[in-house]
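Take a look at the structure below.
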Amino acid sequence: MTADAELLTVPEVMARLKISRSTVYDLIRTRQLASITLGRVRRIPAHALTDFIHARLEQEAA
């Protein structure tokens, strides 16, 4: 699997962004962070996290 196709768990996203579990789920719920559900688990594509970070950087720069 390539880095672009890597699927991250919620705890991995929490660690990378240094935010709480509820904040990650809020970002998912408000569609600011894309995710997929596989059975009963939620996964975030690595590229979706990168896109989210770039979007936030652009918002901060504006």
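The values are calculated or read from the model by the stated rules, or taken from the named source; none is laboratory data. All values reported here derive from a predicted model rather than from experimental measurement. Reconstructed Cβ throughout: ideal geometry from the backbone, glycine too, with neighbour counts over all protein chains shown.
The number of residues in region 1-15 being exposed (fewer than 14 other Cβ atoms within 10 Å of the Cβ) and either at pLDDT 95 or above or small (Gly, Ala, Ser) (or both) comes to 5.
For beta carbons closer than 8 Å, sequence separation of 6+ or different chains, a first residue in region 45-62 that is within 21 Å of Glu6 (Cα to Cα) and free of Cβ contacts under 8 Å to residues at least 24 places away in the same chain and a second that is of a type in the set (S, T, N, Q) and surrounded by 10 or more Cβ atoms within 10 Å (Cβ to Cβ), the qualifying pairs are Ala48/Ser35; Ala55/Gln32.
Just to be sure, is Arg40 surrounded by 10 or more Cβ atoms within 10 Å (Cβ to Cβ), modelled with pLDDT of 95 or more and of a type outside the set (Asp, Glu)?
Working: surrounded by 10 or more Cβ atoms within 10 Å (Cβ to Cβ): no; modelled with pLDDT of 95 or more: yes; of a type outside the set (Asp, Glu): yes.
No.
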